[in-house]
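J.: Below are the structure tokens for one structure; questions will follow.
The values are calculated or read from the model by the stated rules, or taken from the named source; none is laboratory data. The shown structure was predicted, so the numbers you read here are calculated from the model rather than taken from an experiment. Methodologically, a virtual Cβ is constructed for each residue, glycine included, from the backbone with ideal geometry; neighbour enumeration extends over all protein chains shown. Just so you know, the surface numbers come from the protein's heavy atoms only, side chains and all, with ligands and any DNA or RNA stripped out. Shrake-Rupley method; radii C 1.70, N 1.55, O 1.52, S 1.80 Å.
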Amino acid sequence: MKEWTTEERYRPLLESDKEMLEKMHEEISQSVWRTDFHVQSVTGLMSDTNGFSYWNEKWHLFFQWFAYGAVHGMKHWYHVESEDLVHWQNKGLALQPTRYEDNKGCFSGSGFPTKDCLYLAYTGNSRDELYRRIPYQLLAKLDKDGKITKQQMPIILPAPGYTEHQRDPKLFFHEGKYYILLGAQNDAGKGTFILYRSDHIETGWELLGELKVRGYDDFGFMVECPDIERIGDDWMLLFSPQGLQPQGDLYRTKFNNTYFIGKMDFDNLEFIPNGPFVELDRGFDFYAAQCANQSLYPNTAVLEAWFGVSEYNYPICDEQGWAGLQTLARELTIKDGKLLQRPCRAAESIKGELLFHVQAGEILTDNMLGLMPSACVIKIEDPYNEGIKFNLFARSERKGFEIFYDKKASTLTLDRSEMTNRFNQDYGEDRNIYLPNGLKSLEIFVDHSTIEIFINDGEFVASSRIFPEIDENLIRMGGKDVNVYIWIANKTVVDDFVIWP
Ligand code: FRU
């Protein structure tokens with residue numbers, strides 16, 4: 001792998017490099033791991049979901065982006081647009097570092113739709129002459145002609161009592177007031193949340209203090225990408241804490257993305273959870289999720305996340321000069337105090353031709369000659385709960401990506417240890433998910449280098465990256481009395497080269 005100097009990483013994106021980047025994209029777009037229905041960057045590294053909103057009759061999604069290679073460098077925002085959360089169009093570069101307050105990158109933040117513009121609140125990652133980091137919370141707006149204008153003055157300056165790590169503003173509205181929730185590290189080195197309030201979006205931001213969570217105060221050494229959402233009568237506090245220790249089958253990923261469900265007490269700056277915080281996703285590769293600022297779907301949160309994890313590498317793909325994806329959009333609802341996560345409603349349109357179907361009672365024989373489609377949707381219903389074993393991207397003596405349900409232990413295991421390309425093994429190559437109500441159904445979205453599994457109609461979700469070789473092209477299915485459907489996936493994302501208009 002190429003060694004990157006600091007200078008190379010912090011090179012701003014230059015239009016004079018257009019031809020070079022276009023060539024890079026041409027090569028990258030040939031990769032067998034490019035996807036058919038996931039948002040991917042034209043070149044370089046994509047990370048956090050940013051500015052996710054429904055505005056001007058479209059879904060707008062932005063993400064953290066470094067164009068020149070698969071490393072974390074000078075961060076820009078890239079913009080994609082969709083009418084249904086499944087068919088996405090590349091719109092190009094959105095925010096770029098242009099001033100002292102964001103001289104080392106436009107870090108993560110959120111969108112806020114208004115009649116005339118979409119506000120974008122983000123963190124300016126600034127370094128002074130002595131290379132000390134100073135985080136500024138900044139504001140920009142996207143108008144209906146697609147023009148982005150940055151506001152001159154920062155809306156929030158660094159708060160005393162916290163280190164240089166104060167970032168990722170989530171801008172939201174509640175009962176006549178605007179709020180910004182930030183993730184931060186206090187001077188004692190602990191992760192926490194800070195809350196601001198204003199009567200206007202552009203000015204008047206006042207620090208209210210820390211948002212406390214009743215009964216919980218250990219969120220590792222830093223909280224990144226906080227989000228707060230009202231879903232029906234409940235609230236969800238979503239965040240990416242860094243530095244949690246693994247506990248059995250939980251928190252085995254280097255950094256996790258977690259949530260509480262509960263009530264929000266704005267008067268006392270307190271979140272009152274109905275139980276402990278839990279992982280939002282039980283797969284290997286998921287971080288920095290964000291809910292859309294939207295009012296289109298009532299009593300529902302719409303969520304996307306970075307299909308990757310901070311400080312992880314994906315060497316075999318990184319070498320091709322690109323890394324990271326956005327996950328499939330999910331719709332979140334709360335039932336009896338529990339979060340349900342389902343594929344967004346338009347995900348049905350990903351299902352193309354029905355390739356394979358077996359009904360419970362029939363023998364699960366293979367009329368696909370065992371060939372694994374590289375992009376497909378698999379639905380498995382296990383009405384009698386007899387257990388299943390599926391091997392995706394297997395080859396003759398290797399089990400590929402294994403999905404196995406152990407009925408006795410009521411545990412679903414994902415195992416990617418027998419794939420040829422292995423990565424981030426230090427954080428485990430299997431994931432075990434205890435299913436308190438047993439296994440009823442799996443809906444699996446496979447897209448060349450991704451596997452997203454929705455378990456029991458939204459009870460759990462597990463998202464994983466894989467990088468199968470050409471000869472890892474078999475599927476093996478084992479189970480008794482199961483219904484299985486396999487649809488070929490439609491291509492909904494165009495891999496075209498768009499950066500500058
Ligand atoms: C999370 C994060 C954010 C930050 C951004 C920088 O992955 O570290 O806290 O704003 O990435 O790219």
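J.: Thinking of the range 1-148 as a set of Cα atoms, what percent of all their pairs are more than 20 Å apart? Walk me through the intermediate numbers first.
T.: Numbers: 5434 of 10878 pairs.
When every Cα pair of the range 1-148 is considered, 50 percent fall beyond 20 Å.
J.: Here's another thing I want to ask about it. Taking the C-alpha atoms of the range 119-245, how large are the radius of gyration and the largest Cα-Cα span, Dmax, in Å?
T.: 15.2, 49
J.: What order, most packed first, do the peptides 173-181, 343-351 have when packing is the mean number of other Cβ atoms within 10 Å of each residue?
T.: Numbers: 173-181: 15.1, 343-351: 18.1.
Ranked from most to least packed, the peptides come out as 343-351, 173-181.
J.: Right, another one. With angles folded into 0 to 90 degrees, how steeply does helix 18-28 sit against the dominant principal axis of the chain? Use alpha carbons for both and round to 10.
T.: 20
J.: Sorted by mean Cβ packing within 10 Å, highest first, what order do the peptides 300-313, 395-408 take? Spell out each step's value before the answer.
T.: Details: 300-313: 22.2, 395-408: 16.8.
For the peptides 300-313, 395-408, the packing ranking is 300-313, 395-408.
J.: Structure shown: which of Lys379/Lys399; Lys2/Lys150; Lys212/Lys338; Lys23/Lys147; Lys147/Lys170 lie over 25 Å apart, alpha-carbon to alpha-carbon? Write down the numbers at each step before the final one.
T.: Details: Lys379/Lys399 20 Å; Lys2/Lys150 35 Å; Lys212/Lys338 21 Å; Lys23/Lys147 27 Å; Lys147/Lys170 22 Å.
Over 25 Å Cα-Cα: Lys2/Lys150; Lys23/Lys147.
J.: Select from the range 1-103 those chymotrypsin sites (Phe, Trp or Tyr not before Pro) which occupy a DSSP coil region and have at most 11 other Cβ atoms within 10 Å, ordered by residue number.
T.: Values: sites: Trp4, Tyr10, Trp33, Phe37, Phe52, Tyr54, Trp55, Trp59, Phe62, Phe63, Trp65, Phe66, Tyr68, Trp77, Tyr78, Trp88, Tyr100; in loops: Trp4, Tyr10, Trp33, Phe37, Tyr68.
Nothing satisfies the criteria.
J.: When only Cα pairs under 8 Å and 6 or more residues apart are kept, what is the percent relative contact order across the range 162-261? Working shown, then result.
T.: On the way: 222 pairs, mean separation 20.8, N = 100.
Relative contact order comes out at 21 percent.
J.: What is the local net charge at Tyr485, summed over the other residues whose Cβ is closer than 11 Å to its Cβ (Lys, Arg +1; Asp, Glu -1)? The partial results should precede the final answer.
T.: Numbers: positive: Lys351, Lys379; negative: Glu381, Glu443.
My count for the surroundings of Tyr485 gives 0.
J.: Distance from the Cα centre of the range 82-106 to that of the range 453-491, in angstrom?
T.: Centre-to-centre distance over Cα atoms comes out at 32 Å.
J.: A follow-up question, please. Quick one: 3J(HN,Hα) in Hz for the range 100-110, Karplus 6.51/-1.76/1.60 with θ = phi - 60°, rounded, Gly and Pro as x.
T.: Here the 3J(HN,Hα) series is 3, 5, 10, 5, 10, x, 9, 7, 5, x, 10 Hz.
J.: Mean shadow of the range 240-393, computed from the convex hull of its alpha carbons, in nm²?
T.: Values: hull surface 55.0 nm².
Projected over every direction and averaged, the Cα hull of the range 240-393 covers 13.8 nm².
J.: Treating the beta-carbon of each Lys and Arg as +1 and of each Asp and Glu as -1, no other charges, what is the dipole magnitude of the chain about its Cα centre, to the nearest 20 debye? All intermediate terms of the calculation are to be shown ahead of the outcome.
T.: Working: 52 positive and 76 negative charges, 76 e Å.
Once rounded to the nearest 20, the dipole reads 360 debye.
J.: Moving to a separate point now. Treating cross-link reach as a plain straight distance, find the aspartates and glutamates whose alpha-carbon is under 13 Å from the alpha-carbon of Lys190, omitting any fewer than eight places away in the same chain.
T.: Glu164, Glu210, Asp217, Asp218, Glu224
J.: Taking amide hydrogens as modeled 1.01 Å from N in the peptide plane, which residues meet the under 5 Å criterion relative to Arg282, leaving out close sequence neighbours?
T.: HN-HN under 5 Å from Arg282: Val461, Ala462, Ser463.
J.: A follow-up question, please. Tell me which residues come under 5 Å, amide H to amide H, from Val482 once H is placed; ignore anything under 5 positions away on its chain.
T.: Gly361
J.: Another question about this same structure. List the equivalent ellipsoid semi-axes of the range 426-498 in whole Å, largest first, each obtained as the square root of 5λ for an eigenvalue λ of the Cα gyration tensor. List each step's numbers first, then the result.
T.: Details: eigenvalues 123, 57, 48 Å².
One finds semi-axes of 25, 17, 15 Å for the range 426-498.
J.: Reachable lysines from Lys144, Cα under 16 Å, same-chain residues fewer than 8 places away excluded?
T.: Of all the lysines, those that pass the test against Lys144 - Cα under 16 Å, at least 8 places apart if same chain - are Lys58, Lys91, Lys115.
J.: Let me know the shape class of the range 301-341, please: from the alpha-carbon gyration tensor, a ≥ b ≥ c as square roots of the eigenvalues, rounded when a/c is under 1.5, otherwise prolate if a/b is greater than b/c, or oblate. Each step should come with its number before you reach the end.
T.: Working: a/c = 5.23, a/b = 3.08, b/c = 1.70.
Verdict is prolate for the range 301-341.
J.: How large is the Rg to Rh ratio of the range 276-344 when both quantities use alpha carbon positions and Rh follows Kirkwood?
T.: Numbers: Rg = 14.4 Å, Rh = 13.7 Å.
With Rg and the Kirkwood Rh in hand, the quotient comes to 1.05.
J.: From zero outward in steps of 20 Å, how is the percent of C-alpha pairs of the chain spread across the bins?
T.: Spelled out bin by bin, the chain gives 24, 58, 18, 0 percent.
J.: Moving to a separate point now. Given an 8 Å cut-off on Cα distances and at least 6 residues of separation, report the relative contact order of the chain as a percent.
T.: Numbers: 1343 pairs, mean separation 74.5, N = 501.
In percent, rounded to a whole number, it is 15.
J.: Residues of the range 32-111: accessible area per residue at 1.4 Å, in Å²?
T.: On the way: 1840 Å² over 80 residues.
Heavy-atom SASA per residue in the range 32-111 reads 23 Å².
J.: Ignoring ligands, DNA and RNA, please state the percent of accessible area on the range 1-69 from carbon and sulfur, probe 1.4 Å.
T.: Answer for the range 1-69 is 43 percent, counting heavy atoms of protein chains only.
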